[in-house]
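S.K.: This is the structure I want to talk about, given as structure tokens.
What follows draws every value from the coordinates through simple rules; no lab data is involved. Predicted model only: the values in this text are computed from it and were never measured. Glycine gets a Cβ as well: all are built from the backbone with ideal geometry, and neighbour counts include every protein chain shown.
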Amino acid sequence: MVVSVDKSVHGMPISSSYQFDSLLYVTPRLRGDPQLKKEMAETILTLLPKIPGNVIIFFPSYGYMLECSREWSHDGTMDRIMAVKDVYQEEVGMSTKDFNSIVHQLEQAVFRKGAILMAVCRGKASEGIDFSDAMCRAVIIIGIPFAPYTDLKVKLRRDYLDERLKQQEKLNKRLIKASSRGQDLRSVRMDDLPLASIMNFSSQPYSGSEWYRINAHRAVNQSIGRAIRHNKDYGAILLMDDRYTSNSSIQQLSKWMQPFYRPMQSVSRYRNGIERKMTCRDS
């Protein structure tokens, strides 16, 4: 469904003519299941012919993108996809020169049948690149790009935030107790709470787990932003993971998108909706 909103995206004022198409598609969370990869590919294949211009598919990691690419190539699915649109793929450690070469090919593909860019959240394609208008008429997000849970930097960050939150709670209890006694709050001891002295009391501290979720959804929002770049731009947004149905995930989506997201009732129904709205907008 194409809707009109009066919002601001990335600090840019959006007029009431601003339109986009938001969708949530529910799939199992069995990442290693070949059937899941097949179902995702079939859904994408069903929708592709109805989407003009280019499509960007964001995966949660390079590893999972390569898994899908290998399996789709092995079972012939990739050939079927390439019959509809050309396919390009972001690679690990790709140089800026090589990536710019892909962007140039995507620009040329707009004047043919369009193309697909297989990319990764937090990769080169997800931030700082302007894929406006037909350069990106649809963004498909597969999964939620959580950082590796056991990564040392991730673990240290989670531990730091957990300890900071714990000290904040201790300090709050002391402040409440001092206030009830009529004590000067400036006299409350903090010397045994080493992190308390650097806390920003204007912001609500959060736990390591909360940061972990926020960080993943921030990457999702960055990737979604590739599709909508100005006040007359429009595109389809598909979130392919059942975890996007939870209230916590919905609340982490960009504010401008939250009121308009909805579960997909059927692939064929949405395909027809894409065809109708895209044709209307491009005519």
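S.K.: Starting from the Cα of GLN251, step 7 Å along the direction of its Cβ; do the same at ALA83; then give the gap between the two resulting points in nm.
M.R.: It is 4.7 nm.
S.K.: Among 173-181, 208-216, what's the highest-first ranking by average C-beta atoms within 10 angstrom per residue?
M.R.: 208-216, 173-181
S.K.: Between ASP33 and ARG112, what is the spin-label point distance in nm, taking each point 7 Å from the Cα along the Cα→C-beta axis?
M.R.: Simple spin-label model gives 3.6 nm for this pair.
S.K.: Mind scanning LYS153/LYS255; LYS97/LYS255; LYS124/LYS232; LYS37/LYS113; LYS37/LYS124 and naming the pairs with a C-alpha gap bigger than 31 Å?
M.R.: Correct reply: LYS97/LYS255.
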